[in-house]
Each structure stands twice: as structure tokens, then as C-alpha cells.
1. Among the residues of the range 155-199, which ones are closer than 30 Å to residue 236 by Cα and assigned to a helix (DSSP H, G or I)?
2. Only residues that are without any contact (Cβ under 8 Å) to a residue 40 or more places away in the chain and closer than 15 Å to residue 98 by Cα: list them for the range 140-154, please.
3. Only one of 75, 60, 38 is part of a helix (DSSP H, G or I), aromatic (Phe, Trp, Tyr), under 30 Å from residue 252 (Cβ atoms) and touching a residue at least 40 places away in the same chain (Cβ under 8 Å). Can you tell me which?
4. Which one is nearest to residue 292 (Cα to Cα), of the residues in the range 200-223 that are part of a helix (DSSP H, G or I) and without any contact (Cβ under 8 Å) to a residue 40 or more places away in the chain?
5. Examine the range 225-234 for a residue that is of a type in the set (Gly, Ala, Ser), out of contact with any His (no Cβ under 9 Å at 6 or more places or on another chain) and assigned to a loop (DSSP other than H, G, I, E, B), and state whether such a residue exists.
6. For the range 1-35, which positions are of a type in the set (Gly, Ala, Ser), assigned to a loop (DSSP other than H, G, I, E, B) and surrounded by 14 or more Cβ atoms within 10 Å (Cβ to Cβ)?
7. How many residues are open to solvent by less than 30 Å² (accessible area, probe 1.4 Å), assigned to a loop (DSSP other than H, G, I, E, B), at pLDDT 85 or above and out of contact with any strand residue (DSSP E or B) (no Cβ under 8 Å at 6 or more places or on another chain) when one looks only at the range 235-269?
8. Of the residues that sit in the range 121-174 and are modelled with pLDDT under 90 and surrounded by 14 or more Cβ atoms within 10 Å (Cβ to Cβ), which one is farthest from residue 36 (Cα to Cα)?
Amino acid sequence: LMSNQVFQLESGYWDKSVADRAHVLWFSADSKREREDFWFLGVILGLAVNNNIPGLDARFPLVLFKKLTDFSGEFTLEDLQEVHPSSATSLKAMLQWKPSAPDEVFEDIFCLTFTISYADEGNEVQEVNLHPSGEEVEVTMQNRSEFAKLYVHWLLDKSIDGPFGSFKKGFRRVCDSLIFSILTPSELQQIVCPEQKLDFEALRAQARYEGYTADEQYIQDFWDILTTADLAEKKRFLHFVTGSNLAPVGGLGRIRIKIQQNGMEPTDRLPSASTCFHILLLPRYGTKEKLQERLLLGLENAEGFGLE
């Protein structure tokens, strides 16, 4: 009962913006909880691992378990994608940027220095130097990799050092044996966060419609296709519409997708989506078979079209 309470977003331990955007639990740097509370939270998780208690409703990303197991490598953009997907996408774009014209200058396009800013829980803007003279050092083509490395390290490590440090001490107070030391981060994650069941009936119950109605046959066919799909296809659909293949903390009933009509026959247009607003733009196809074929093809090729 206690574990069910502390691993909920409302407990005050976790970053709400991360939970909303990435659908995982991550430490809130501005939490009003005492450091001893985070230590106790670590003890609870440690007891669950030590006693092999399955099925905790604790939606943690893999990078958290890297940190718990004294991971010695560097954090990657893939790690960041699990927690701060928009920041990871921006950094990837910066690192991959190439001038499209001879006179394009990196500094003029990105206008970055080694100082970053963020809004705390009170919406106050805070600035952090990633370099001793951060505001005086411009990010250039030559040092952009260093900037990305420092930014990732700050987001995943330094920004949550206080609460996570206490949490880790509590966890290791319980899990500090030889057996624990040989577990990989992935193995530890599987103990704490086994593969979750995706309740698409809960998603359906909260859905809204524009150009369709909930009780018409076409929408009944649509949900029949989704609810009988395998787990991989359900994850692809979630990623397609929400930007994450995980259910949010608290379950799929917390998502209100909108299914909006986007054309009708004759059409071979694929479904598209706006992940920011959880909107699925769904053409009205002539048959259930074509609806299934177009929908599944759209999910398989989501990187190539209409995904915002």
C-alpha cells in the first residue's frame, strides 16, 4: 500500500512535467520533500528488489537504473530521450546541423552559450552555467559536442543530485550485496518495472471525436483493430499519437486523445498525428480492411510523415 502511494505523481517526489511528456517517474529538483523522505523512498525500492516483489507501479526509465548500479560510462542522448524527449530532439538537431548555404554560420542559427535556463516549479526562470565562464562562451561547430555532453550530464545528474543522492543511499542500504552488484541496469529495471499491460479500453473511454461519433460502426471497427493488436503495435500507436510508447503514470485513462476526421474516399492518405495535442487525423476509409491496412502501415512508417 505504501509503495503504491509513494510511486504516484501526487506524492510530491516526482517531476510533473517529465511525467506528462515522457510518461516516466523522475526526481523533482524542486520537491518540497525532505532528503530523508527520498532516502526512505530508496529503502522501499531496495526492499522490493531484495525480496523480488514484482509489479510495482513505478514507471522508471532505464537511465535511473544505470545511476543506481554505478554505471561508469557517459550518459547518451538515448538516455536523455527517456526523460526529456524535447531536449534530446533539440540536441540531436544541433549536433547534426550542416550549413545549407556557404554563408550560414552555426552561431547565428542557434545563438547558444554555455549557460542554460529553465523554469522551476514556481515558473521562475533559473540560469545554470555549464562552464565556469558559461555566458561568455559561445557554442560553435567545434565545441557543440562538449556543450551537448555537459547539458545531458546536468539534466540527468547534477540537476537532481540532492534528491537522487539520498534516494540512492537508501536503496544501497538494502541492496549492497555481491548478487546485486552483478545485475545489469536492464535486469534491475525488469525486476522493478516488468512489461506493462496497455489498457486500451481505458484509452477508449476518454477519447473525443470530431467528424465521428463514439457509437458509429467505423469507430467501433477502429477500436476493435487497436484492442486486438499485439503489444508492439499498441506501443507504436501510443508513440504515434502521444510521442511516447509508455502509458502515463496512472494509466492510459489519463490520456484524452482526439480522433478527427481527415478526408474520405477516394483516398490513400495515411493517418497522421499531432503528438503535442494527442490528435489522430484519421481518414474515413471505405472498409474495415482498408482502415486496418492504412492504420498499421502508418504506424510502421511514422518517422516519414505527418508526425509532429
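The values are calculated or read from the model by the stated rules, or taken from the named source; none is laboratory data. Bear in mind that the values here come from a model prediction, so they are computed numbers and not experimental data. With ideal geometry, Cβ positions are generated from the backbone for all residues, glycine too; neighbour counts draw on all protein chains shown. These accessible areas exclude ligands, DNA and RNA; they are computed on the full protein's heavy atoms, side chains included. Shrake-Rupley method; radii C 1.70, N 1.55, O 1.52, S 1.80 Å.
1. Within the range 155-199, the subset closer than 30 Å to residue 236 by Cα is 155-157, 183-199.
If the condition is that a residue be closer than 30 Å to residue 236 by Cα and assigned to a helix (DSSP H, G or I), then 155, 156, 185, 186, 187, 188, 189, 190, 191, 192 are the ones that fit.
2. 140, 141, 142, 143, listed by residue number.
3. Residue meeting the stated conditions: 38.
4. Let us first name the residues in the range 200-223 that are part of a helix (DSSP H, G or I), namely 200-205, 217-223.
Then keep just the ones that are without any contact (Cβ under 8 Å) to a residue 40 or more places away in the chain; that gives 201, 204, 217, 220, 223.
Working: 201: 18, 204: 17, 217: 14, 220: 12, 223: 10 Å.
Top of the filtered list is 223.
5. Residues of the range 225-234 that are of a type in the set (Gly, Ala, Ser), as a first pass: 229, 232.
In the following step, the residues that additionally are out of contact with any His (no Cβ under 9 Å at 6 or more places or on another chain) were identified as 229, 232.
When the remaining residues are screened for being assigned to a loop (DSSP other than H, G, I, E, B), the result is 229.
Yes: the range 225-234 contains one or more residues that are of a type in the set (Gly, Ala, Ser), out of contact with any His (no Cβ under 9 Å at 6 or more places or on another chain) and assigned to a loop (DSSP other than H, G, I, E, B).
6. So in the range 1-35, the residues of a type in the set (Gly, Ala, Ser) come out as 3, 11-12, 17, 19, 22, 28-29, 31.
Then keep just the ones that are assigned to a loop (DSSP other than H, G, I, E, B); that gives 12, 28-29, 31.
Within the range 1-35, 28, 29, 31 qualify.
7. So the answer is 1.
8. 134
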